[in-house]
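Asks: Here it is: the structure, laid out below.
Computed from the coordinates by the stated procedures, all read-outs in this text should not be read as laboratory data. Bear in mind the structure is a predicted one, so any value in this text is a computation, not a measurement. So basically every Cβ, Gly included, is an ideal-geometry build from the backbone, and we count neighbours across all protein chains shown.
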Amino acid sequence: MTECLKYSARLSNRRLDRTSSGFSIFWKHSHLDEIHLRAFLSYDIDDLNFLGRVHSVQNELISIGADLKIVNPKILHFTIRFLGEIDEVDKTDIISTLRGRVEEFELVISFKGLGTFPDERRISVVWIGIDPKSGKEMEKQAAIVNNLLKSVHTLQTVDDERFSPHVTIARVRSGRNKEELVNFVRENRSIEFGTTKIRNLRLKQSVLTPHGPEYSDLHVFEK
């Protein structure tokens, strides 16, 4: 009888331990399972003539034989602010903070010249630049957006001086045929890509896949 009572007590303790452990695991997962989104704010570029010219230059880049990851022209954009990982509360706060304050911005941009980041010695990105006047206007708009977002305290602060308006068209994966790539960029520092109008700031989600990033709109700030 005594042994039976001891066994029952041990069994009850195990059940309690499992219950307590189960509660602890559930509590932890309830926090770990919060949805986080990799997000940024940008202006899309959807002018077909411009995208066609970009595609032609990308084909020339491919013919050089450099080790490149070409950016799909259909997803080209100007990033105004990379937000990193945000949750649903952040998303709501960002939208409510910017709504009614950014919808009027429109800009006709002249695209000109190829360049690289961070420099020619160790290229990681090939980009298309814009004319100085458009660049100043984009810098002003980025400063306005970043100033408004200071009220969303969960976001990291950014340095407005680091903003450099450009459109990434290729990423460099290795140093293969680097000299040919550098020469091509130098030869096309003044190439003209024409003009296009941008409008409607977008809060976008980025999902990284084996085939490259996939973007979707979380919110579009329209008039």
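Asks: Report the trypsin sites (Lys or Arg not before Pro) located in the range 74-109 that are in a DSSP loop and have at most 15 other Cβ atoms inside 10 Å of their Cβ, or state none.
Replies: Arg99, Arg101
Asks: For the range 50-83, run through the chymotrypsin sites (Phe, Trp or Tyr not before Pro) and keep only the ones in DSSP coil with at most 12 other Cβ atoms within 10 Å of their Cβ.
Replies: none
Asks: Within 13 Å, Cβ to Cβ, of Glu214, how many net charges do the neighbouring residues add up to if Lys/Arg are +1 and Asp/Glu are -1?
Replies: +2
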